[in-house]
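Encoded as structure tokens, the structure appears first; notes follow it.
The values are calculated or read from the model by the stated rules, or taken from the named source; none is laboratory data. This one's a predicted model, so the numbers in the text were calculated from it and none came from an experiment. Note that each Cβ is placed from the backbone with ideal geometry, even for glycine, and that neighbours are counted across all protein chains shown. Areas reflect the complete protein model, heavy atoms only, side chains present, ligands, DNA and RNA absent. Shrake-Rupley method; radii C 1.70, N 1.55, O 1.52, S 1.80 Å.
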Amino acid sequence: MTTPLIKAEKVSKIFSVGGMFGAKKYIKAVDGVDLEIGENEILALVGESGCGKSTLGRLMLALLKPSSGSVSYYINHEYKDVWSLKGKEFREYRRNAQLIPQDPYSTLNPMKKVISALTPPLLRYKIARNRREAKKMAAELLEIVGLSPPEDFFERFPCRLSGGQLQRIAIARAISVKPKFIVADEAVSMLDASLRIEILNLLLNIRKSLKTAYLFITHDLAIARYFARNERIAIMYLGNIVEMGRTEEIIQNPLHPYTQTLLATVPIPDPKLARKRELPKLRSLEIPSLISPPPGCKFNTRCPYAESICEKKVPELKEVKGRLVACHLF
Amino acid sequence: MTMKWIIKRTATAILTVYIVITITFFLIRLLPGSFIEMMIYYYMTQYGMSEIEAEEMVYSLYGIAPKKPVWEQYIDYICGLLRGDWGKCYITGIPVLEALFYGLPWTVFLLSISMTISFALGVGLGILMAYRRGGILDNASSVFASISRATPNFILGLLLLYFLTIYYPIFPSRGSYDISIKPGFTLEFISSVLYHSFLPIMAYVITSVGGWMLAMRGSAIRVLGEDYVIAAEARGLKSGRIARTYVGRNAILPLFASFAISLGYMFGGSVFIETYFAYNGIGHIIGLAMSWRDYPLIQGGFLLITLAVVLSNFIADLLYGKLDPRVRRGGMYS
Amino acid sequence: MVCIPKLRKGKIMRGLKSFLRYHILEPLKILASDKRALVGLSIVIFYVLMVAVGRLFIPLDLTPHREKRYLGPSWEHPLGTDFAGRDILAQIVHGGRDVLPVAFLTGFVTIAIGTAIGITSGYVGGKLDLAITTFIDIFLTIPGFPLLMVVAVWLLQSGIPINIFIIACVLSITAWAGLARSVRAQVLSIREEAFIEAARCLGLSRFHIVFNEILPNVMPYIAINFMLSSVSAIYSYTGLQALGLIPYEPGTWGAMISMAQAYVGTITGAGCWYVLAPSITIIVLQVGLVFLSQGIDKIFNPRLRER
């Protein structure tokens, strides 16, 4: 791996719910996660909804402040905590770390035309010198994301565009500032299945031309496998990364019981193969509450292989067969 | 309903009254010295008092004790209010509270009836409009509601007074009952009271029903779009039952929030309406105080109206909290 | 050298044209598509024209003519005459010269205060938000018109010169809280929207986020509240004049209402016109503003704005 562009060290995020009336409760959405993403690299982050993957993405973008631990960005030949960055350095980081959000329908301001969504960042970072140049660049961006002729889209309001078109505009806006790192948070999950591959390929093409790195967040292993082929994948469960390594290796031979369960849920087109597949027998289908997670390994209440140590000790991520796994079995 | 919520709500109510008291206190303190001197001069020339007498008169009227520091006066003022010492009327010398209590029952009578009619009518018509939205009935009613909302109550009062007591003398123009009838629990007296209160109540109801209609219409349309109502319709429940149990209750609840505003508006109008019809309520008394510039009485009236509005709003909120499980569990802002 | 001013002029003209098209002409077109809004708009434009231009055509003569008291409508006096034999129509046409400026100025002061407080409360959040919401709740409970009466009596006695601006500020005391509350609620929900997060992630300034992302979304509330606070300003202004708490010039609507009130018992014959004319004048203006406020949110609804 090349030098990481951005890394998370023991980063945690605790949300408090309630308060004012009744007792305050705390949710540990992200629990001591280590993560590194190198230049032009893809890391697919997979987990069920509510496992903290979106929160982790927002921590990487400094949209949320970590409760403990840090997210550092490689700038001026050293790693600096993104929350300690000031002035010019912070601006550079902001420009270089972008987000493609989940819901295309709420990503654009409903009261503003498409052109007014595209030009402010170009002017803000002086990528364009004036409005006319910004408009020209916006047109080029729309061409890149496959919306042509661009002039047709400039004066439209978001409510008059389809989900796919909106997502393309969101992508155009994110890449307009030529970022080095993009968090794609469920970027295709709200789109029609027929559109997904197109958008995924668009993101991959952008990676080729802009040399961007991706943190690709999804709940769908099949999509993660497609997007992060020959790259890395990380499996997240209740705020922890339980397994991380080369995509093909993990898909072919999952080690963590949770990864095995996740893989078992991916439909297999061949019924013969599907019948032969061994399903790990979960002890419970209920996902434990984040407010009071079980002690020890958080998966122990459901894990078919759970032993007594699993209820006592939190497993560390350790290297097994060329990947990282957090499980007492290994 | 949690205890905490009640405590918080009570604290807000008390804070409201406290702020109003503070406003009235400092408004007087903020009057420039020249005004006080002018008043002293006025008493010296008009009533032939000596300077000291006139000074004492003015200071006691405005509750000013020039020798004490301001904060002590402030505490005295609040303690006086709590003890029921609201100052004396400027002209008649009657204690303010006594003068106001004389009119209070009549105003409470008028406003409670008007408010009930207006609320019930507005809610009923509002639901009807929501069900028939887009139809002729809805359009006609919402034009009427807009006109009702837009008409100042003092102008409607004036029109009713002129056209129904002077131009066509159908209703009595003065008083809250026929003074030739002895007050008592007799049919004659009660019918006289109702007869005299008809026009004032009309004036209140017509100018406030529109607001309730529009609010209820909007609220009911929102509720009608909710999944549970659609589900109830899909289950084949009778529309009358849906209207009562699902829409009615859930749509009325948000209206409690505008209770204080509506009641405050009606109290404001009472100054005109009671004056027009020479009705013996506090609005009439405050109206007279206005024309005499009787500041202690005006201020006392304002305090009493505020207390009434805060108290009714508090009750409305408690009711709301009892009816709405969301408030019972959580907070106002959660 | 000669070319530069020409070029600039062309640019300004083009800017002006697009401004007129997008901010005046198109909104008006959409307004006109709604019947009630069109009626409201016509009423308001008619009143503004009447107050601004009408008085150039109809002179105001306030000299009493005892022999012409309480005349009915005629060619000479289309709305009859008042208790001193003066033309009512002329008083109606001239009588809005103080009410309309007060109403619109109050509207502006109210939306300025209400929006600033609402956005601050919703966007900053935390303890400040809690303090402001409590304050708003308290202000919404304090009965508005009675408070205005106390303040007006105080204002009269304090000797502060009473001008339109002071009146507008006083009338806004009771109007800002409602707007602040709805703006705050809006900002709270908008703040959580994905497009705000996107703007933050793009590093756009706080100024840009507040004024270019949030403000357009609360515009409908601001516009509606502008109309509604004008409505309540007209109510309070004429009401306080009728109580004699705000001084009025003769020949204004407030003066007419006040006089009609004072003389109501002695009005005879065709005198009903003196009661009716100012009442209907004020009611129609109020209805126009309410209609306009009901239709105005459609201007800002982009779904209708685009063909």
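Working only within region C:106-115, note down all residues that are more than 14 Å from the chain's Cα centre (by Cα) and open to solvent by 10 Å² or more (accessible area, probe 1.4 Å). If the condition is that a residue be more than 14 Å from the chain's Cα centre (by Cα) and open to solvent by 10 Å² or more (accessible area, probe 1.4 Å), then C:113, C:115 are the ones that fit. Assigned by TED's automatic domain parsing to the domain that holds residue B:282 and in contact with a Cys (Cβ under 8 Å, 6 or more places away or on another chain): which single residue out of B:168, B:204, B:162 fits that description? Step by step, each of B:168, B:204, B:162 is checked, and only B:162 is assigned by TED's automatic domain parsing to the domain that holds residue B:282 and in contact with a Cys (Cβ under 8 Å, 6 or more places away or on another chain). Look at (1) over 27 Å from residue B:294 (Cβ atoms); (2) without any contact (Cβ under 8 Å) to a residue 12 or more places away in the chain and you find that residue B:105 fails only one, number (1). Scanning region B:142-184 for residues that are under 30 Å from residue C:230 (Cβ atoms) and either in contact with a Leu (Cβ under 6 Å, 6 or more places away or on another chain) or outside any helix (DSSP H, G or I) (or both) returns B:145, B:151, B:152, B:160.
Under the condition of being among the aromatic types (Phe, Trp, Tyr), open to solvent by 20 Å² or more (accessible area, probe 1.4 Å) and closer than 17 Å to residue B:105 by Cβ, the residues counted in region B:164-208 number 3. Scanning region B:281-301 for residues that are hydrophobic (A, V, I, L, M, F, W, C) and either surrounded by fewer than 24 Cβ atoms within 10 Å (Cβ to Cβ) or more than 10 Å from chain C (Cβ to nearest Cβ) (or both) yields B:282, B:285, B:288, B:290, B:292, B:297.
Where helices (runs of 4 or more DSSP H) fall wholly inside region C:1-105, the ranges with 3 or more residues that are at pLDDT below 75 and surrounded by 11 or more Cβ atoms within 10 Å (Cβ to Cβ) are C:26-33. Every listed requirement among (1) under 24 Å from the mean Cα position of the chain (by Cα); (2) without any contact (Cβ under 8 Å) to a residue 40 or more places away in the chain is met by residue B:189 save one, (1).
I'd like to check something: does region B:125-141 contain any residue that is away from every other protein chain (no Cβ under 14 Å), open to solvent by less than 60 Å² (accessible area, probe 1.4 Å), more than 30 Å from residue B:23 (Cα to Cα) and in a loop (DSSP other than H, G, I, E, B)? Yes, the conditions are met somewhere in region B:125-141.
Being part of a helix (DSSP H, G or I) and either touching a strand residue (DSSP E or B) at 6+ places or on another chain (Cβ under 8 Å) or in contact (Cβ under 8 Å) with a residue 60 or more places away in the chain (or both): is that true of residue C:197 here?
For residue C:197, the condition - part of a helix (DSSP H, G or I) and either touching a strand residue (DSSP E or B) at 6+ places or on another chain (Cβ under 8 Å) or in contact (Cβ under 8 Å) with a residue 60 or more places away in the chain (or both) - is met.
Within region C:170-182, the only residue that satisfies the criterion of being touching a residue at least 40 places away in the same chain (Cβ under 8 Å) and within 16 Å of residue C:241 (Cα to Cα) is C:171. Return a yes/no flag: does region A:230-238 have any residue that is over 16 Å from residue A:101 (Cα atoms), without any contact (Cβ under 8 Å) to a residue 60 or more places away in the chain and open to solvent by 10 Å² or more (accessible area, probe 1.4 Å). Yes; the residues of region A:230-238 include at least one that is over 16 Å from residue A:101 (Cα atoms), without any contact (Cβ under 8 Å) to a residue 60 or more places away in the chain and open to solvent by 10 Å² or more (accessible area, probe 1.4 Å). Across region C:12-47, the qualifying residues are those that are within 14 Å of chain B (Cβ to nearest Cβ) and of a type in the set (Gly, Ala, Ser), and the one among them that is farthest from the chain's Cα centre (by Cα) is C:37.
Whether any residue in region C:201-211 is polar (S, T, N, Q), away from chain B (no Cβ under 14 Å) and more than 21 Å from the chain's Cα centre (by Cα) is what I want to check. Yes, the conditions are met somewhere in region C:201-211. Quick check: anything in region B:231-242 touching a Leu at 6+ places or on another chain (Cβ under 7 Å) and either buried (at least 21 other Cβ atoms within 10 Å of the Cβ) or assigned to a helix (DSSP H, G or I) (or both)? No; the residues of region B:231-242 include none that is touching a Leu at 6+ places or on another chain (Cβ under 7 Å) and either buried (at least 21 other Cβ atoms within 10 Å of the Cβ) or assigned to a helix (DSSP H, G or I) (or both).
Would it be correct to say that residue C:244 is outside any helix (DSSP H, G or I), under 19 Å from residue C:156 (Cβ atoms) and facing chain B (nearest Cβ under 10 Å)? The answer is yes for residue C:244. Within region C:177-200, track down each residue that is away from chain A (no Cβ under 13 Å), under 14 Å from residue C:114 (Cα atoms) and open to solvent by 20 Å² or more (accessible area, probe 1.4 Å). Answer for region C:177-200, where residues must be away from chain A (no Cβ under 13 Å), under 14 Å from residue C:114 (Cα atoms) and open to solvent by 20 Å² or more (accessible area, probe 1.4 Å): C:178, C:181, C:182, C:184, C:185. What single numbered condition from (1) at positive phi; (2) part of a helix (DSSP H, G or I); (3) not basic (Lys, Arg) fails to hold for residue C:186? Status for residue C:186: all satisfied but (1).
Number of residues in region B:298-334 that are over 30 Å from residue B:27 (Cβ atoms), at pLDDT 60 or above and of a type in the set (D, E, K, R): the value is 2. Residues in region A:56-75 include at least one that is within 15 Å of the chain's Cα centre (by Cα), without any contact (Cβ under 8 Å) to a residue 60 or more places away in the chain and surrounded by fewer than 18 Cβ atoms within 10 Å (Cβ to Cβ). Residue A:212 passes every criterion in (1) more than 14 Å from chain C (Cβ to nearest Cβ); (2) surrounded by fewer than 21 Cβ atoms within 10 Å (Cβ to Cβ); (3) in contact (Cβ under 8 Å) with a residue 12 or more places away in the chain apart from (2). Restricting region A:80-119 to residues that are crowded, with 17+ Cβ neighbours inside 10 Å and in a strand (DSSP E or B) leaves a set whose member that is farthest from the other protein chains (Cβ to nearest Cβ) is A:80. Take residue B:152 and decide whether it is within 13 Å of chain C (Cβ to nearest Cβ), surrounded by 21 or more Cβ atoms within 10 Å (Cβ to Cβ) and either touching a residue at least 24 places away in the same chain (Cβ under 8 Å) or under 24 Å from residue B:192 (Cα atoms) (or both). Here the answer is yes, as residue B:152 does meet what is asked.
The residues of region C:156-176 that are more than 10 Å from every other protein chain (Cβ to nearest Cβ) and surrounded by fewer than 17 Cβ atoms within 10 Å (Cβ to Cβ), listed by number, are C:161, C:162, C:163, C:164, C:165, C:166, C:169.
Whenever a residue of region B:161-173 is within 11 Å of another protein chain (Cβ to nearest Cβ), its partners that are among the aromatic types (Phe, Trp, Tyr), lying with C-beta atoms within less than 7 angstrom and at least six residues away or across chains, give the pairs B:161/B:276; B:161/B:277; B:165/B:171; B:173/B:277.
Checking each residue in region B:186-217 for being small (Gly, Ala, Ser) and either over 30 Å from residue B:143 (Cα atoms) or modelled with pLDDT under 85 (or both) picks out B:191, B:192.
Scanning region B:238-256 finds no residues that are in contact (Cβ under 8 Å) with a residue 24 or more places away in the chain, facing another protein chain (nearest Cβ under 8 Å) and among the small types (Gly, Ala, Ser).
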